[in-house]
Each structure stands twice: as C-alpha cells, then as structure tokens.
Amino acid sequence: MIRLEGLGKSFGSHQAVVDLHLEVKPGEIFGFLGPNGAGKTTTVKMMTGLLKPTAGRVLVAGRDMAADPIAAKRAMGLGPDEPFVYPKLTGAEYLRFVGELYGVPLADMKKRVPELLEMFELTPWGGELLESYSHGMRQKLVLGGILLHDPKVLVLDEPMVGLDPKSGRLVKDIFIRLAERGTAIFMCTHVLEIAEKLCHRIGIMIGGKMIACGTLDELHAQSKKEGRDLESIFLSLTGGAEYSTLLKYL
Ligand SMILES: Nc1ncnc2c1ncn2[C@@H]1O[C@H](COP(=O)(O)OP(=O)(O)OP(=O)(O)O)[C@@H](O)[C@H]1O
Ligand SMILES: [Mg+2]
C-alpha cells in the first residue's frame, strides 16, 4: 500500500533523507523511530506530497505521488506533527470541510460527523470555534477528519502527542482495528512503548538513513544486546547509550 523507492531529500548540501526503500503492506502497522532531526517528518512530508523529493519516488496504493497526486492523496489520510485547524471554523464545520475536500457524499457526512465527534468525546464542543480547542482536542479532531473518507493508508507523525491516557488508548485501539480491516499504517513516534505494543515492524532512522528495519526480534538480533526491550535496542542501535556522558554538564 505504501512503497518508497530510493527516496531522498537534500536541503542545500544537507542530506535529510538518503536512499530510503520501504514497503508497508495492507493491515501492517509500521513504526518509524529515530532521534530528533533524523529525517522522519521530512519522509512523511514526501510520502504525503507536501515536499518534493530530490531522488526516488513514492507510491500510495499503487499511485505515483508525483505523477498522480490526487489519486495518491485520495487513498491516504495524514495526521501531521502539528494539528493545524482553521481557528474560525467550529469542530463540526471542520469535519464537513475535510469531508467535502475528499468528496465524501453529503448523506454519509451527516451520519459520520456526529459519530466521529462522539467517538473522540468532542460532541459538547462540536459547535465551538476551534480557536477555543486545547492541543489534545485539536489532535483528536484532526484524527477524526482523516477517518472520514475511510482511507486505505494512514500516515501519522507523532499521533499520540498531547493526548490524555484515555484518548491515547482509544487512538491505539482505533489503529489496531483499522489494521485488522486492512488499512496500512505508517507512524512516526518517539514513544517506544507504543512502537513495541502496536507496530508489526519498526524502522530506525539516523542522519537520514534507515539503519535498521524489522520485527522487534529482528532488531534485537541486530543490536546484539542483552535487553529485549525496545529502549535498550534503540539506544544500542542509535549510539544513544552514551547519553550519560552528557550529564557531566549538569
Ligand atoms: N525546510 C527545511 N530546510 C532546511 N532543512 C530542513 C528543512 N526541514 C527539515 N530540515 C532538516 O532536515 C533534518 C531532518 O528534519 P526532520 O524534521 O525530518 O527530523 P525528524 O526526524 O522529524 O525530527 P523530530 O524527531 O525532532 O521531529 C534536520 O536536520 C532538519 O534541520
Ligand atoms: Mg519530526
């Protein structure tokens, strides 16, 4: 459902993403990890057509993002790292606006908009302007918006940031259900516990390069460390285990 072929992006002389190859299958949840500045958001922006790659190509549900961007975007839902919403729309207006962009039939929208507000516990605020929403409320509304057109591919950049524990749990369960129904999910996250519990495969990026990719067991085998938990594996593979030397500046 998602295919990255030799994807690359340079900003001047800086190579933010280098020769990235990846395939995410229907029903698979793929976790994309890496230190700050590794190139995760740059990858997401190229995958979703917000940024033009300097090398390679992106296919979404078999559609080339560069050659056929509307068809590729129609098949996907994007949860960006910052939940951008128009402040002068209400929650319900925002969902209807997003639904219209994706060509969701009016009859479906009449049913789905109240359902999605209810699912994310936003019904009491559905008529309020979005400028009054908290960060977590905006995050949930944006997630509601990307579910409206029932996309076969979800691309999510830090989807859990700012969610309270109950909402976080809800969102995790939503992703699991969607994957069971065949949706392919690509998710950037710093929350290793989420990657460990939710993701079928995990990719680790450093300095624009994917240095490891596989199941937790495969990553463990690659890290050659005792600890089987993802934190130990991540720190071992990214060289982050030397973090304690930084404490000398305290
Ligand atoms: N528009 C831009 N112009 C120049 N450099 C950029 C631009 N966008 C990103 N970069 C650089 O590309 C690199 C990767 O940034 P990116 O935002 O993809 O990292 P990230 O992995 O998402 O990090 P984080 O975990 O902090 O979200 C960084 O070195 C960043 O400075
Ligand atoms: Mg980022």
Please rank His220, His21, His190, fewest neighbouring Cβ atoms within 10 Å first, as an exposure proxy.
His21, His190, His220
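How about the range 68-112: which chymotrypsin sites (Phe, Trp or Tyr not before Pro) there lie in a loop by DSSP and see at most 11 other Cβ atoms within 10 Å? Write down the numbers at each step before the final one.
Values: sites: Phe84, Tyr94, Phe97, Tyr102; in loops: Phe84, Tyr102.
Of the chymotrypsin sites (Phe, Trp or Tyr not before Pro), the ones in loops of the range 68-112 whose Cβ has at most 11 other Cβ atoms within 10 Å are Phe84.
On alpha-carbon atoms, Rg over Rh for the range 2-143 using Kirkwood Rh? Show your work: numbers first, answer last.
Numbers: Rg = 17.3 Å, Rh = 17.0 Å.
Result: Rg/Rh = 1.02.
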Expressed in nanometres to one decimal, the distance between label points 7 Å along Cα→Cβ at Ser13 and Glu121 is 5.2
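For the range 99-182, what is one quarter of the convex hull surface built on the Cα atoms, given in nm²?
Working: hull surface 23.3 nm².
Directional mean of the projected Cα hull area for the range 99-182 stands at 5.8 nm².
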With only Lys, Arg, Asp and Glu charged, each at its Cβ (+1 for the first two, -1 for the last two), find how big the charge dipole of the range 168-250 is about the Cα centre; round to the nearest 20 debye.
180
In the range 169-231, the GluC sites (Glu not before Pro) that fall in loop regions by DSSP, at most 11 other Cβ within 10 Å:
Glu226
I'd like the GluC sites (Glu not before Pro) in the range 61-157 restricted to DSSP loop residues with at most 15 other Cβ atoms within 10 Å, sorted by number.
Glu121, Glu128
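Beyond 32 Å, what percent of the Cα pairs of the chain remain? Walk me through the numbers before you get to the answer.
Values: 7375 of 31125 pairs.
The share of Cα pairs beyond 32 Å in the chain comes to 24 percent.
Filter the cross-link list Lys73/Lys110; Lys9/Lys166; Lys25/Lys110 down to pairs whose alpha-carbon distance in this structure exceeds 26 Å. Let's see the in-between values first.
On the way: Lys73/Lys110 23 Å; Lys9/Lys166 37 Å; Lys25/Lys110 32 Å.
Long pairs (Cα-Cα over 26 Å): Lys9/Lys166; Lys25/Lys110.
Which residues make up the longest stretch of the chain clear of trypsin sites (Lys or Arg not before Pro) that lie in a DSSP loop with no more than 13 other Cβ atoms within 10 Å, not counting the sites? Kindly include the intermediate steps, with their values, before the conclusion.
Numbers: sites that count: Lys88, Arg181, Lys224, Arg228.
Answer from the scan: 89-180.
Every read-out reported here was derived from the displayed coordinates using simple, explicitly stated rules and does not represent laboratory data. Keep in mind that this is a model prediction, so the values were computed, not measured. Virtual Cβ from ideal backbone geometry, glycine too; neighbours counted across all protein chains shown.
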